[in-house]
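The block underneath contains the structure these notes are about, expressed in structure tokens.
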Amino acid sequence: MDYRKSAADILSATGGKENLISAAHCATRLRLVIADNAKVRKEELESIDVVKGVFEASGQLQIIIGTGTVNKVYDEFIREADIKAASKDDVKAAAASRQSWFKRLIKTLGDVFVPIIPAIVAGGLIMGIMEALNFMSANGFISLDTDGYVFTIFKLLSNAAFTFLPILIGYSATKVFGGNPYLGAVIGMFLIHPELQNAWTASAGYDKSFSILGLYDVHMVGYQGHVIPIIIASFILASIEKKLHKIVPDIIDLFVTPLVSLTVTGFAVYTFIGPVFVALENGIIDGVQKLIAIPFGIGSFIMGAFYSSTVVAGIHHMYTVIDVGQLAKFGVTYWLPLASAANMAQGAACLAVAIRSKSNKTRSMAYPSALSCMLGITEPAIFGVNLRYVKPFIFGSIGGACGAMTASILSLGATATGVTGIFAILLTLNHPLKYIVSMSIGMAAAFILTWFFGTDRVRAEASGGGSTAKQNSTAGAAAAEIPEGGSVIPSPLSGRVIPLKDVPDATFAEGILGLGAAIEPSEGKITAPMDGTVETLFDTKHAIGLKLSNGTELLIHIGINTVELDGKGFTAHVSEGDSFKKGQTLISFDKDLIKRKGYQTVTPVLVSNTDDYASVEQAAEGTVKMSDILLNLKKVGE
């Protein structure tokens, strides 16, 4: 294959080097950022022999080529384009800069808050447990010394993250904006300095104020519990710092840049940013609270109805600002129960689909997806089941509205954010019965509506759903010896089998890179299904290409879009070109970290040389263990 000609043809079809902003590649595809998408000749691009598919996602033009080949084409491509090789982060940043300001804002909020949510959750859980113990102690159910050493330590732990929240946000936000996160932490400390009046006690009157040019007074009060001012301050700090690094001579950069960055930002925060954005933030929090407080829960009904739609749109990360703001202002968040009701209702709708379906394939997808949704992981249920049949999603939204309305009428608040679903009851231990009632009403409404009016398409499916599975059922495929001719492929990992067409990535779902199956892993380990050699191991360790002893070429891709993690959470135990034995560990990965970063762990297992076989069929449903038979292969002529 002439890789140089293929690269030149791709460059030409994408509008030439003048139309190219940045280029990188992952294990299977070129990832390009294009200046003008109108200049891309998609049909011509798809007709190039090496190209297996083309689509746009996250501001990138992604050209599917395949493992091994993509590396060679990329090397020639950057040579033809006369550009430097870019990292995935560079391409991601370039693509993000071309998105709308609103999408960039939502993504930025998610990047800032996702890392600090565990700290808020931990404090909230401790706070909820303490309030439950306080209640039981005050009502004589238990005998507890609430002034003792143990209780005092837990009290300090419970509110530490909330008391010093500006420091956490300052560090995280400044890092996201490209500045020194430790300077961001200093700005956070500055905003809650003990010399300042505590924001939570300021209602009694201000101790010290300064007049700015006689126009208005600046009150020397801390910013405990405020979110937006420290985010804006972090942005200004990072912007100043980055500009100074470019113009200040290296010999004095270490002294001048931090000094000027902190000084300018500090004065700007107290003189202009703080007063303006505190008022804005209070307006947002008060506005949301007024909606929630509309009589009979009408406002919450509306918000609960549309919450799942915002998840589909990917803008739900902005709600963390509301949660954190309410926690600071009211001591609880009234928003989280609304979100939890919406998620639980979608899980109940998915459960109704699972019970009513006649298809083994649909049931094997819907049952675990429903449970996952009720545990707070909504994507499998919403995207894999409810949206697919449409009506379950609508009735799940109605159920969420009913649950949210009930939570509002009962004035249900949570002591922290970050956890929804079944485990969110730990955040409402001060009022657990209210939580149970609210969630039950939402789930019941969604389940009943879906059961009676939302499963017509589901019940119309033929029994078995046209599944290609040939062996066993939900118990998984039993381990077996590989028959002569190598007509079966054992599973390289343990977990729940997902039909390839249900993988939430068109490249895999449409079989562009080969046929096979996917697995939602139950443990973070990839093992060799049989003897063979490592043909391709991408530098981010999220994908590996194998050549098995029976001639099968296998691509194992851990997660969806996990190339963007740049290797974080992945450990390779083999190198490219290594030989391996059946059962040997090839890659280990931290599936919890992958999920915390917002990525799905569903892992496609594909036969790359599908054309060498008459058929490639999924051989198991439900759950499989390593070495259980996953795929049936039939060779041409058999």
Only one of (1) out of contact with any Leu (no Cβ under 9 Å at 6 or more places or on another chain); (2) at pLDDT below 85; (3) among the small types (G, A, S) does not apply to A35, and that is (1)
Kindly indicate which of P380, P368 is touching a strand residue (DSSP E or B) at 6+ places or on another chain (Cβ under 6 Å), of a type outside the set (A, V, I, L, M, F, W, C) and more than 25 Å from M130 (Cα to Cα).
-> P368
Selection from segment 422-436 of residues that are closer than 11 Å to P337 by Cβ and either in a helix (DSSP H, G or I) or of a type in the set (S, T, Y) (or both) | A424, I425, L427, T428, K434, Y435
If you go through segment 351-398 one residue at a time, how many are in contact (Cβ under 8 Å) with a residue 12 or more places away in the chain and more than 24 Å from the chain's Cα centre (by Cα)?
-> 14
Among strands (runs of 3 or more DSSP E) entirely inside segment 519-603, those with 1 or more residues being polar (S, T, N, Q) and more than 26 Å from F113 (Cβ to Cβ) are 525-527, 532-537, 570-572, 585-589
Of the residues that make up segment 617-632, is at least one over 30 Å from S369 (Cβ atoms), in contact (Cβ under 8 Å) with a residue 12 or more places away in the chain and over 28 Å from the mean Cα position of the chain (by Cα)?
-> no
Considering I377, I355, which residue is surrounded by fewer than 19 Cβ atoms within 10 Å (Cβ to Cβ), of a type outside the set (D, E, K, R) and over 25 Å from I322 (Cα atoms)?
-> I355
Any idea which of (1) outside the structural domain of F277 (by TED's automatic domain parsing); (2) of a type outside the set (A, V, I, L, M, F, W, C); (3) touching a His at 6+ places or on another chain (Cβ under 6 Å) is the one Y149 doesn't satisfy?
-> (3)
Return the pairs, sorted by first residue and then second, in which the second residue is modelled with pLDDT of 90 or more and hydroxyl-bearing (S, T, Y), the first residue lies in segment 3-28 and is assigned to a strand (DSSP E or B), the beta carbons are less than 8 Å apart, and the residues are 6+ apart or on different chains.
-> L20/T14
Keeping to segment 311-353, report how many residues are part of a helix (DSSP H, G or I), at pLDDT below 90 and more than 21 Å from A414 (Cα to Cα).
-> 2
Have a look at A416, A404 and point out the one that is touching a residue at least 24 places away in the same chain (Cβ under 8 Å) and farther than 27 Å from I355 by Cα.
-> A416
In segment 231-250, residue nearest to the chain's Cα centre (by Cα) [restricted to those that are at pLDDT 90 or above and over 28 Å from G110 (Cα atoms)] = K246
Criterion violated by H573 - all others in (1) touching a residue at least 24 places away in the same chain (Cβ under 8 Å); (2) more than 10 Å from G532 (Cβ to Cβ) satisfied | (1)
Tally the residues that are surrounded by 22 or more Cβ atoms within 10 Å (Cβ to Cβ), aliphatic (A, V, I, L, M) and part of a loop (DSSP other than H, G, I, E, B), restricting the search to segment 504-518.
-> 1
Odd one out for I117, checked against (1) modelled with pLDDT under 85; (2) among the β-branched types (V, I, T); (3) surrounded by fewer than 17 Cβ atoms within 10 Å (Cβ to Cβ) | (3)
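The values are calculated or read from the model by the stated rules, or taken from the named source; none is laboratory data. The model shown is predicted, which means the values in this text are computed figures rather than measured ones. In this analysis, Cβ positions are derived from the backbone assuming ideal geometry, glycine residues included, and neighbour counts consider all displayed protein chains.
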